[in-house]
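To keep things clear, I will list the structure first and then write my remarks on it.
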Amino acid sequence: MTFLQFAFYVFGAALVFAAGMVVTIRNPVKSALFLVLAFFSAACVWITLQAEFLAIVLVLVYVGAVMVLFLFVVMMLDIDLAKLRAGFTRYLPIGGLVAVLLVAEIALVMYGSFDTGEYRAPVAYGVEYSNTEALGAQIYTQYVYAFEIAALILLVAIIAAIALTMRRRPNNKYNNPSAQVRVKRADRLRIVKMDSVLPTAPISVTEPTTESIPEQD
Amino acid sequence: MMHEFYFAWTGWLPEAIQTTSWIVIKIMAILLPLMLCVAYFTFAERKVIGYMQTRVGPNRVGPKGWLQPIADALKLLMKEIIIPTKSNKFLFLIAPILSLAPALAAWAVMPFTDFLVLADIDASLLYVLALTSMGVYGVIIAGWASNSKYAFLGAMRSAAQIVAYEIAMGFALVGVLMVAGSLNLREIVLHQSGGFWQWYFLPLFPLFIVYFISGVAETNRAPFDVAEGESEIVAGFHVEYSGMAFAVFFLAEYANMLLIAALTVLMFLGGWLPPVDVAPFIWMPPLFWFGIKTAFVAFFFLWFRATFPRYRYDQIMRLGWKVLIPVTLVWIAVIGLGKFYTPFGYIFQ
């Protein structure tokens, strides 16, 4: 067994373990953290399969951004663990059935047509071969329309998501940043010229030289 | 040369152990100087900010205070680690590690000179970006596992801030790779050879500024240090930490600062290359140029901390989403159009 194979099995085992924990562990925050571990292990497996660009992008997008937002939401939820526990046994038969069906389907496909002669191991390219460059060349030449359409769909989804959350509540307090940025000293502060006076004993309370005016928006 | 010598010397060991131990030695050769730099960077920070505030800073431990970081490390090692009641013990202890590990792992692809690099991988720029984006987990988990409201507030602030500034940072790097035509940090530096007017900070000036501001925000440093916010939420995400667990957070923050400084040097300031290719400058070793440039950029972190008041939270968000990201988007379009559709394409080559 070469080191690469050893690494593959270690990361593969970590991936399966983490994926199992995601669905079995009770605490939702820990579940989300196991999902992070699952993504990261998957990325490591991909690196051993020479797909380093996809692996890094998986870490960058899913681990670095999507799961952060996910955790963000899950941490703020107030979840009653007892309620979750009650549902587990009730849904176990149907969940188990789905799992068995999935495994059966995969087994059917694998034993029917999956042939190691047909799907041989990827060609081991040298150090000079750039996976990232090869992928880029494919995306921007052969699949450029599919790529652009996917980008457009994502853009529409972003706009839709923002439009859905843009609700103006009447008593909502918000400030106007551009007005705040444009504020000059003269808007807030008045400098009063005063003649200097020799102190006379006892020192009397004098008027303040500057005074602030309440903020105007 | 060292490589052959080591392998000849340890020839009696099995090959797997030989390879592994050689990698471990190389990792040590990076981490030990890095840790020393981090320790003395904390000392530099106290000294620099001290002089900026017309104090002298620490000057009691050792000659002129030079043993201060070692004394600090010893003190933190001796201290008790207090685990708050009803906190999640495992996550509480793993959070500092999760925050330090990406900060150190990113140095694996750092080309200190043309040949001094541990892993000269093809997509090292993406690798660094991916790893720095993972540093946020340490902060979030620390905030949640502490079972403290201040810590949680700090974690929430930090998560939103880092996600926002990562986008601007990523787009700034897109500009760099468009001009360099490579994702490999070593090649990016080599593209900048020929004097300081070839360095990318000139054609990519807006991206250079955006990258550095985002870097300051990503490391939760002043003026973007709302995650710690001493005056509002005590110390934010690490309020419950003490002793070595706290020290590890501290190490991660300073290692990240040096990382951002080094990356800025590699991508915009010509890495290990001398500013002018003439006699006195090319005699200096490349490592010297890399070090002096990194120190120069790292100095800005300290300067910012001593100079700027903390940003208000909504202003941080506004700056990230509505100022920095549009700037990068516009400049990427400028590079793309300028490089291929105008006679001024040579600027972006």
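I'd like to verify something in chain B: which complete DSSP H helices, judged by Cα projection on the helix axis, reach 18 Å or more and average at least 1.0 on the Kyte-Doolittle scale?
B:15-52, B:89-105, B:149-180, B:205-218, B:243-268, B:286-307, B:325-341
If I ignore ligands, DNA and RNA and count only protein heavy atoms, how much of B:V239 is accessible to a 1.4 Å probe, in Å² to the nearest 10?
40 Å²
Calculate the FRET efficiency for B:Q198 and A:S196 from the Cβ-Cβ distance with a Förster distance of 41 Å, rounded to the nearest 0.05.
Between B:Q198 and A:S196 the formula returns 0.10.
With each pseudo-label sitting 7 Å past Cα toward Cβ, what's the B:A105-A:R90 distance in nm, one decimal?
Placing both labels 7 Å along Cα→Cβ, they lie 4.0 nm apart.
Specify the residue with the greatest mean-square fluctuation among B:T19, B:T328, B:T264, computed from a Gaussian network of chain B linking alpha-carbon atoms under 10 Å apart.
B:T19
Most fluctuating residue of B:L32, B:L13, B:L67 in a GNM of chain B with Cα springs under 10 Å: which is it?
Looking only at B:L32, B:L13, B:L67, the largest GNM fluctuation is found for B:L13.
Find how much the distance from A:Y140 to A:A13 grows on full extension, using 0.36 nm per residue of separation minus their present alpha carbon separation; answer in nm with one decimal.
Length gained, A:Y140 through A:A13: 42.2 nm.
How much solvent-accessible surface does A:L49 expose, in Å² to the nearest 10, with a 1.4 Å probe and all protein chains in place?
90 Å²
Round to the nearest 0.05 the FRET efficiency obtained for B:I81 and B:I49 when R0 = 22 Å and r is the Cβ-Cβ distance.
E between B:I81 and B:I49, to the nearest 0.05, is 0.20.
In percent, how large is the relative contact order of the stretch B:58-150, given Cα pairs closer than 8 Å and 6 or more residues apart?
33 percent
Need one value: the accessible area of B:K89 in square angstrom, 1.4 angstrom probe, rounded to the nearest 10.
So the heavy atoms of B:K89 present about 120 Å² to solvent.
Calculated from DSSP H runs of 4 or more alone, at -39500 (n - 2.57) each and per residue, what is the 222 nm mean residue ellipticity of chain B, nearest 500?
Theoretical 222 nm ellipticity from helices: -21500 deg cm²/dmol.
In nanometres, what is the gap between the two model label sites at B:A29 and A:R185, each 7 Å from Cα along Cα-to-Cβ?
Output for this residue pair reads 5.7 nm.
For B:M134, A:M67, give the ranking by accessible area with the largest first, probe 1.4 Å.
Ranked from most to least accessible, the order is B:M134, A:M67.
Give me the inter-chain shielding for A:57-67: mean count of other chain Cβ atoms within 10 Å, whole number please.
5
Specify the residue with the greatest mean-square fluctuation among B:A145, B:A168, B:A119, computed from a Gaussian network of chain B linking alpha-carbon atoms under 10 Å apart.
Checking each option, the largest mean-square fluctuation is seen for B:A119.
Which whole-number value in Å² is the accessible area per residue of the protein assembly as shown, probe 1.4 Å?
Averaged over the residues of the protein assembly as shown, the accessible area is 60 Å².
Total Å² of accessible surface buried at the B-A contact, 1.4 Å probe, nearest 100?
2200 Å²
I need the calculated FRET efficiency for the pair B:T307 and A:M166, taking r as the beta carbon distance and R₀ as 30 Å, to the nearest 0.05.
Plugging the Cβ-Cβ distance into 1/(1 + (r/R0)^6) gives 0.20.
Filter B:K26/B:K293; A:K30/B:K79; B:K75/B:K293; B:K293/B:K322; A:K173/B:K86; B:K79/B:K149 down to the pairs with a C-alpha to C-alpha distance above 27 Å, please.
Table pairs above 27 Å Cα-Cα are A:K30/B:K79; B:K75/B:K293; B:K293/B:K322; A:K173/B:K86.
The values are calculated or read from the model by the stated rules, or taken from the named source; none is laboratory data. Keep in mind that what you see is a predicted model, and the values were worked out from it rather than measured. Because the Cβ atoms are built from the backbone with ideal geometry, glycine has one as well, and the counts that use them run over all protein chains shown. Heads up: the accessible areas ignore ligands, DNA and RNA and are worked out on the full protein's heavy atoms, side chains in. Shrake-Rupley method; radii C 1.70, N 1.55, O 1.52, S 1.80 Å.
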